[in-house]
Amino acid sequence: MSDAATEQRTEHRAIEVRRADLPLACPCPEDELWDMHPRVYLPIEDEPTKEAVCPYCGARYRLVD
């Protein structure tokens, strides 16, 4: 993820992810602070809204394709 994605995370805007990014884990290894909490996998593709929220940091993710 880019710095913009990290900024989005701290502001709790939805971070857009694509199916190519699955399985979705938070935090992502690309994040500058990738070790800020234990890695948790989010089953975003199973959610009816195609959105998921990290239970540790509150980051919101939205599946866009």
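Counted by Cβ distance under 11 Å from Glu16, the other residues give a net charge of +2, where Lys and Arg count +1 and Asp and Glu count -1. For the peptides 40-53, 14-27, the ranking by packing is 14-27, 40-53, with the highest mean count of neighbouring Cβ atoms within 10 Å listed first.
Can you give the FRET efficiency for Arg62 and Glu32, using 1/(1 + (r/R0)^6), R0 = 22 Å, r = Cβ-Cβ distance, to the nearest 0.05? Before the final figure, lay out the partial values.
Numbers: r = 21 Å, r/R0 = 0.97.
So the FRET efficiency works out to roughly 0.55.
Read the figures in this text as sums done on the coordinates, not as results from a lab. Keep in mind the model is a prediction, meaning the values are calculated, not measured. Cβ sites come from the backbone with ideal geometry, for glycine too, and all protein chains shown count toward neighbours.
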